[in-house]
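Here's the structure, in structure tokens; my notes come after.
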Amino acid sequence: MEKLEALEAKYLKLKAQRDSLKRQRDHLESELALARAPLEAMQREEDKQRALRHRQQSKLPIPPEALRLRVHGAADEVTFLSLGDAIAFGVREILIAEARPMESFQRILDFGCGCGRVIRFFEGLPKSCELFATDIDPEAISWCRENLKDLATFSRNNDEPPLDFAPDSFDFILAISVFTHLPESLELAWLRELKRIARPGAILFLSVHGQTRFWRVPSASYDELERRGFCYARCGVTAGLPDYYQASFHSEAYIQEHWSKFFYLRGIVPLCSQDVVICQK
């Protein structure tokens, strides 16, 4: 009887602590929402200005809503353009820091270009820079070929290597939001293929979900991430994309151990909400 009463007392104490923590959490969430509101308003205004500037400076058509949703996760035109602009700007800044400005490259590949969210912001590069782009999405590539044909040469690739390019074809390869979605076996196959088509000394920017995004790892996959430094988690189906297009997360230690088998790793730096692994052949 005494043991039962002790357990009940312990239960009531823990329940009170839980309820207190819940109230604290709700209070903090409310305060956080209030603190975020002006920052979010500033971000929306900045997004509007980026999008407006691009519309004024470029005559390139805007992809339809369905393609924006597939690539961007939202159909909103303003955030589609502003994020594409921010990524392209970040890429240029990182290249400058690496003493390899984009204008110094002769053949550039956007691997996983989607409907051109990023590559459209490389408009205006000198003629000495030849742009290529490829993706698995036939609808996106069809739209790009019809609407962005003066910007780059677009081609559709299969779900698995090889790409339709000769060895040593490119001196800069960009892959944004590609290795963030692949199972490990397919990731390694594409790393091997990108090495094949990269010229000696080529620079590659390959984005990943790094430590700053680990909060998005599903609870069922976190043990694997902690154990291996990599996990591939199912997160639903994206209309128009293959079923294997899910969510992958990488620790820096995993990248150092496994990606260094393909490339010299120059560093890992943040780029918008992802990290970019700077590789060199």
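Quick look at the values:
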quantity: Hits in the stretch 99-142 - residues which are in contact with a Cys (Cβ under 9 Å, 6 or more places away or on another chain), part of a helix (DSSP H, G or I) and not charged (D, E, K, R); calculated: M102, S104, I119, F122, A140, I141
quantity: Residue within the stretch 185-192 that is of a type in the set (S, T, N, Q) and modelled with pLDDT of 95 or more present; calculated: yes
quantity: Selection within the stretch 159-174 - within 21 Å of the chain's Cα centre (by Cα) and surrounded by fewer than 18 Cβ atoms within 10 Å (Cβ to Cβ); calculated: D159, E160, P161
quantity: Test for I197: is it within 20 Å of the chain's Cα centre (by Cα) and at negative phi; calculated: no
quantity: Residue within the stretch 139-158 that is of a type in the set (D, E, K, R) and surrounded by 20 or more Cβ atoms within 10 Å (Cβ to Cβ) present; calculated: no
quantity: Qualifying positions in the stretch 142-176 - under 18 Å from I62 (Cα atoms) and in contact (Cβ under 8 Å) with a residue 24 or more places away in the chain; calculated: W143, C144, N147, L148, L151, A152, F154
quantity: One residue from A140, A133 being among the hydrophobic types (A, V, I, L, M, F, W, C) and under 23 Å from Q280 (Cα atoms); calculated: A133
quantity: Qualifying residues in the stretch 51-71 (those that are under 17 Å from W143 (Cα atoms) and of a type in the set (K, R)) - the one surrounded by the most Cβ atoms within 10 Å (Cβ to Cβ); calculated: R68
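The values are calculated or read from the model by the stated rules, or taken from the named source; none is laboratory data. Quick caveat: nothing in here was measured; it's all calculated off a predicted structure. In this analysis, Cβ positions are derived from the backbone assuming ideal geometry, glycine residues included, and neighbour counts consider all displayed protein chains.
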